């Protein structure tokens, strides 16, 4: 899956995902990616988030929605992503997944679980080049 | 001072991020950036986890899921288990912009895409067919996602029928990692 969140020059925010899902899934199965609030979520008044990982588990917790709501409550993006991941891990300690969160002011963060580290890519006007960042899980 | 415009993507898929940034840099909308950025991944197949020719299902078919959400209007377009159309996120954008619905699935989502002018073609590639053949013929359909059925899905292929006895706990095998994920 790729999950993506963007803020444009007008301050408008969009989020999205695209995936071919899990290998050897049962025909008809979908995961979290296309579910609003699970795979991705965006709200101009707050920011956006996107998730990736074990979709059968993740869609049960709407992690992207939760991350955005945490930012609405004042959490920084990294803390918001950590809360969303921790909510899932509390019920499924073995799950693999990650959440990226982007606030409307351009601050961002990520959190992950079940792998050693999670890479994500950022492109903004500060660096004028895309850079891969990692967060330890 | 806000750090905008900006785009952030999951995993190390740089080409998609670069495309999204090009859209933002030239004054494009966040919606356009997300659609065009993710479309790069769909075309380049991004480590086999996005787009055609990856993650075949039990029947060997690749189906696609995509979502796009507009944070300005809270409008959503999504497709699930989209068959035989490569441009999943663009079809999702068409659901957002050309219907009052939010989510279309399966063969009927394909019909919608066809009406919207998207080409309909197989998503299977020689590589995905070979992957599926190995799983089916050499690996005894392992791993799979069945439980409480017979014959034992931990050792056998289907077809399966359900069993009612659940006194034995069936641990879920770990099948999701950085190479196989939603």
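Quick notes on this structure:
For every residue, the table says whether it meets (1) farther than 23 Å from residue B:62 by Cβ; (2) more than 9 Å from chain A (Cβ to nearest Cβ); (3) in a loop (DSSP other than H, G, I, E, B).
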residue: B:133; (1), (2), (3): no, yes, no
residue: B:146; (1), (2), (3): no, no, yes
residue: B:157; (1), (2), (3): no, yes, yes
residue: B:164; (1), (2), (3): yes, yes, yes
residue: B:173; (1), (2), (3): no, yes, yes
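- Residue satisfying all of: in region B:99-121; in a loop (DSSP other than H, G, I, E, B) and in contact (Cβ under 8 Å) with a residue 24 or more places away in the chain; nearest to residue A:41 (Cα to Cα) among these: B:102
- Meets criteria (surrounded by 24 or more Cβ atoms within 10 Å (Cβ to Cβ), within 30 Å of residue B:175 (Cα to Cα), facing chain A (nearest Cβ under 7 Å) and in contact with a strand residue (DSSP E or B) (Cβ under 6 Å, 6 or more places away or on another chain)) for residue B:37: yes
- Selection status of residue B:54, at the interface with chain A (Cβ under 9 Å from one of its Cβ atoms), buried (at least 22 other Cβ atoms within 10 Å of the Cβ) and within 26 Å of residue B:177 (Cβ to Cβ): yes
- Within the set B:40, B:50, B:7, B:79, the sole residue that is under 28 Å from residue A:108 (Cβ atoms) and in a helix (DSSP H, G or I) turns out to be B:40.
- Looking across region B:166-182 at every residue that is modelled with pLDDT under 80 and loosely packed, with under 10 Cβ neighbours inside 10 Å, the one that is nearest to residue A:31 (Cα to Cα) is identified as B:171.
- Matching entry among B:25, B:86, B:72 (being surrounded by 18 or more Cβ atoms within 10 Å (Cβ to Cβ), at pLDDT 95 or above and over 14 Å from the mean Cα position of the chain (by Cα)): B:72
- Failed condition for residue B:132, given (1) over 20 Å from residue B:47 (Cα atoms); (2) out of contact with any strand residue (DSSP E or B) (no Cβ under 6 Å at 6 or more places or on another chain); (3) surrounded by 15 or more Cβ atoms within 10 Å (Cβ to Cβ): (1)
- Checking each residue in region B:28-50 for being under 15 Å from the mean Cα position of the chain (by Cα) and touching a residue at least 60 places away in the same chain (Cβ under 8 Å) picks out B:47, B:48, B:49.
- Pairs meeting the criteria (first residue in region A:22-41 and more than 7 Å from every other protein chain (Cβ to nearest Cβ) and in contact (Cβ under 8 Å) with a residue 24 or more places away in the chain, second residue surrounded by fewer than 24 Cβ atoms within 10 Å (Cβ to Cβ) and not in a loop (DSSP other than H, G, I, E, B), beta carbons under 7 Å, at least 6 apart or on different chains) are A:37/A:65.
- Among the residues here, residue B:124 qualifies as part of a loop (DSSP other than H, G, I, E, B), surrounded by fewer than 21 Cβ atoms within 10 Å (Cβ to Cβ) and under 16 Å from the mean Cα position of the chain (by Cα).
The values are calculated or read from the model by the stated rules, or taken from the named source; none is laboratory data. For clarity, every value in this text was computed on a predicted model and none was experimentally measured. When we count neighbours, we look across all protein chains shown, and the Cβ atoms used for this are built from the backbone with ideal geometry, even at glycine.
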